[in-house]
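K.L.:
Once you've had a glance at the structure underneath, I'll fire off some questions.
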Amino acid sequence: MQSIKIVIIGGGVGGLSAANALIDEGQKPLIIEAGTYPAYKVCGEFVSPEALPILKKWGIKPTRSINSIQFKNKKEKSFLLKISKHGGALSRTDLEDALRNRVLENDITLYEGVRVLHIDKSDDGYKLILSNDKIIHTEKILISAGRFFTKNGKKPETKYVGYKAHFTGKQIDSLIMHMHPDGYFGFLPLEDGKMNVTLLQKKGQDHVFEEMKNHIKDLDMWESGWVKVEAPNFGIKKNPIERNIYYLGDACASITGLGVTLALLSGVVAGKTCQSLSSNEYKKLWMKNFYNPITMGIFIHRLSLHSLTLPLFFLLNRINTQITHYFFTKTRVKRLYFT
Ligand SMILES: Cc1cc2nc3c(=O)[nH]c(=O)nc-3n(C[C@H](O)[C@H](O)[C@H](O)COP(=O)(O)OP(=O)(O)OC[C@H]3O[C@@H](n4cnc5c(N)ncnc54)[C@H](O)[C@@H]3O)c2cc1C
């Protein structure tokens, strides 16, 4: 049986960021990822401004700067939100590859295509049973395995379905969001005339996908084709608090474009504090850092997917875009607390 001080379950943005932060602290965790790289995941690929300084520190640069978001409704009525502190655009595959490369350059072991099947308590830590029949013993576990990972193994109920693909053939300069009470889809410029097309719709409301297809019928698909995912309800994971198990990563509503940043920043907070804090203290710190933007994100997600509040939202913003600016600002992470 192998014994390791810190094991990270999940090698997405959250897990790889925790590993990179631990490298900065002089640690060598083991990462266990069920999938393989390059990974093609459903994501709008907007990188919120708060993530840019830490990415820069790790030598990672978005391929585009994003300074504005144009919101459109079904009747093509629109308003423009200028972002005072610019965000970025970066292919999710490239982001995970860059975070993974830094991990590998620092001699960190990363198991790919290996799933953690069971976590058992032992006298002085935890015993992990892996799908490759290995057994690992560890003092601390950082779980960054997305919203489908539950302690009892039951898959959470899904309400939404998401799609993503990359296209070429049209130049756009800002993020364009098409809003509908049954779902929304966005076009984000990436690099060299390429763009990300991502949609989130309520399950069974395929007319939103059909409407989106009308906007891209003259474009050429690039790379992997459509990637599809079932998305569970957004929100804050209710952590089963157990000594030395930390939950980080995926928690946020996609409309706010904060999920990747939240995974990244919570990875940084976990990496910097997990050696000194208990998981209870980490959970409190996590809430202090992220509770307000997440709660506001869930509120906006609900307002934007409602047949009464969405038109009202458009009406108010066409009078004064400061309203959306206010909401956007309230969903950003102001500063990172480490204690
Ligand atoms: C339609 C849609 C659009 C979005 N658009 C944006 C956007 O524009 N900007 C933004 O910031 N966010 C966006 N998000 C949210 C963002 O994609 C998520 O918040 C982000 O994926 C969270 O990253 P993560 O590392 O926590 O989880 P994940 O990327 O899901 O990583 C978890 C990893 O854990 C692995 N894993 C799972 N179980 C196990 C196991 N038992 N053993 C080992 N490994 C395991 C998985 O294979 C996976 O690679 C969007 C989400 C959706 C649904």
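FYI, it's all coordinate maths here, none of it is from the lab. Keep in mind it's a predicted model, so treat the numbers as computed, not measured. Neighbour counts are summed over all protein chains in view; Cβ atoms, including those assigned to glycine, are modelled from backbone coordinates with ideal geometry.
K.L.:
Can you list residues whose amide H is under 5 Å from I143's amide H, if they're 5+ apart or on another chain and H is modeled 1.01 Å from N?
P.N.:
For I143, the qualifying residues are I9, Y246, Y247, L248.
K.L.:
I323 to K228: FRET efficiency via 1/(1 + (r/R0)^6), r the Cβ-Cβ distance, R0 30 Å, to the nearest 0.05? Walk me through the numbers before you get to the answer.
P.N.:
Numbers: r = 33 Å, r/R0 = 1.11.
Working from the Cβ atoms, E equals 0.35.
K.L.:
Further question: Based on the mean of other Cβ atoms within 10 Å per residue, sort peptides 228-234, 8-14, 292-298 so the most packed one is first. Don't jump to the answer; show the numbers that get you there.
P.N.:
Values: 228-234: 16.3, 8-14: 26.9, 292-298: 20.0.
With the highest mean Cβ count within 10 Å placed first, the list reads 8-14, 292-298, 228-234.
K.L.:
Just the number, please: percent antiparallel of the DSSP beta bridges in the chain, rounded to the nearest 5. Mind showing how you got there, number by number?
P.N.:
Values: 51 of 72 bridges.
Roughly 70 percent of the DSSP beta bridges within the chain come out antiparallel.
K.L.:
So who's got an amide H within less than 5 Å of the one on R115, skipping anything under 5 residues away but keeping other chains? H placed 1.01 Å off N, in plane.
P.N.:
Amide H to amide H, under 5 Å and 5 or more residues apart or across chains, R115 pairs with S131, N132.
K.L.:
Calculated from DSSP H runs of 4 or more alone, at -39500 (n - 2.57) each and per residue, what is the 222 nm mean residue ellipticity of the chain, nearest 500? List each step's numbers first, then the result.
P.N.:
Values: 8 runs with 103 residues, N = 339.
So the helix-based figure for the chain works out to -9500 deg cm²/dmol.
K.L.:
For I4, enumerate residues with amide H under 5 Å from its amide H, sequence gap 5+ or separate chain, H modeled in the peptide plane.
P.N.:
The answer is H137, T138, E139.
K.L.:
Which whole-Hz ³J(HN,Hα) couplings does the stretch 277-290 yield from phi under the Karplus relation 6.51 cos²θ - 1.76 cosθ + 1.60, θ = phi - 60°, glycine and proline marked x?
P.N.:
Per residue, the Karplus-derived 3J(HN,Hα) values read 10, 7, 5, 4, 5, 5, 4, 4, 5, 4, 5, 4, 6, 10 Hz.
K.L.:
Continuing with the same structure: Kindly write out, for the stretch 46-52 in residue order, the coupling ³J(HN,Hα) from the Karplus curve 6.51 cos²θ - 1.76 cosθ + 1.60 (θ = phi - 60°), rounded to whole Hz, with x marking Gly and Pro.
P.N.:
Calculated HN-Hα couplings, in order: 7, 10, 5, x, 5, 7, 5 Hz.
K.L.:
If you don't mind, another one. Can you tell me the FRET efficiency between R115 and S3 if r is taken as the Cβ-Cβ distance and R0 is 30 Å, rounded to the nearest 0.05?
P.N.:
Details: r = 20 Å, r/R0 = 0.68.
Given R0 = 30 Å and the Cβ-Cβ separation, E is 0.90.
K.L.:
Kindly state, to the nearest 0.05, the FRET efficiency for S307 paired with H207, given R0 = 22 Å and r defined as their beta-carbon distance. Write out the running numbers ahead of the final one.
P.N.:
Working: r = 14 Å, r/R0 = 0.62.
For R0 = 22 Å, the calculated efficiency reads 0.95.
K.L.:
Please check which bits of the stretch 1-36 a label hung off D124 would reach, taking the label as a point 7 Å along Cα-to-C-beta and the cut-off as backbone N under 15 Å.
P.N.:
Residues 1-6 qualify, since their backbone N sits under 15 Å from the label point.
K.L.:
Tabulate in residue order the Karplus-calculated ³J(HN,Hα) for the stretch 75-85, using 6.51 cos²θ - 1.76 cosθ + 1.60 with θ = phi - 60°, rounded to whole Hz; enter x for Gly and Pro.
P.N.:
Running phi through 6.51 cos²θ - 1.76 cosθ + 1.60 with θ = phi - 60° gives 7, 6, 6, 9, 9, 10, 9, 8, 9, 5, 9 Hz.
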